[in-house]
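Worksheet: the structure to be examined is printed underneath.
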Amino acid sequence: MSDITLEVQSREETGKNANRRLRATGLIPAVVYGGDLDPVAIQVDRRTLHDLFKQTGGENAVFLLKLAGTDQKRHSMVRELTIDPITRQVIHIDFLRVLMTEKVKVQVPINLEGTPVGVKNEGGVLDFITREVEVECLPGDIPQTLELDVSDLEIGSHCEVKDLEVPAGVELMVELDKVIVAVAHSRVATEVEEAEAEAAEAGLLEVEEAEPELIGRAAEDEAEEED
């Protein structure tokens, strides 16, 4: 895996007012921490970061942070992004230092491939229950997604974590029998079945209510014969 280099600058001023001024110039305040070292305040160019996110998908990307004007470099991952609720812009980033020789635990999204037979031919619906799973691996081995083929799923069937295509060097950190996706009857079909069941039950009740009348007539006939 080639390094994704992101040039950063030291950030001297901190606090809300300083960060607000920084964002006005197209920069994003950030902090690098972890690795048994003190946290370091930095700033990154918003446009450059957004372009790199588009290239890498953003999630679980490993960046080689290079401090401008120096030879200092350090591999890091985005631990947390703070998003402005109104503008939807990134307003702060927490980077976590990582070593390329030490394993990390991350959440990896699941990508479904194909259309289930139960949806395409049987009128069922797909229920995507678990959309990401935790894995452990070296930073350079982190998959962007984990693939799962659901083409053969029929109504009433499902796929579990053990059915995922996991690359070499990647270990799943969740229960292997955890359900990821299932195909069930559609709501309309379920309602029709319930209605038919209720109708059948009502029919049985009518038959049960009619039986005493037949018994009563039979009793009268017997009385007439005795007379």
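Data table
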read-out	value
Rg ratio (alpha-carbon, reference 2.2 N^0.38 Å) - the range 4-97	1.01
Extended-chain gain in nm, criterion 0.36 nm per residue less alpha-carbon gap, residue 147 and residue 56	31.0 nm
Full-stretch length increase - residue 154, residue 105 - with 0.36 nm per residue and alpha-carbon distance subtracted	14.3 nm
Segment residue 21-residue 88, extension gain: residue separation times 0.36 nm, minus the distance between their alpha carbons	22.3 nm
Packing-based exposure ordering (other Cβ within 10 Å, fewest first) of 148, 176, 67	176, 67, 148
Neighbour-count order for 93, 4, 83, 110, fewest beta carbons within 10 angstrom listed first	83, 4, 110, 93
Proximal charge balance of residue 29 [Cβ under 11 Å; K/R count +1, D/E count -1]	+4
Point-to-point label distance, residue 73-residue 122, nm (Cα→Cβ direction, 7 Å offset)	5.4 nm
Residue 48 paired with residue 186, simple spin-label distance in nm, labels 7 Å along Cα-to-beta-carbon	5.2 nm
15 Å reach of a label modelled at residue 12, 7 Å along Cα-to-Cβ, counting backbone N of the range 30-59	41-43
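Read the figures in this text as sums done on the coordinates, not as results from a lab. Computed from a prediction, not measured in an experiment: that's the story for all the values here. Cβ sites come from the backbone with ideal geometry, for glycine too, and all protein chains shown count toward neighbours.
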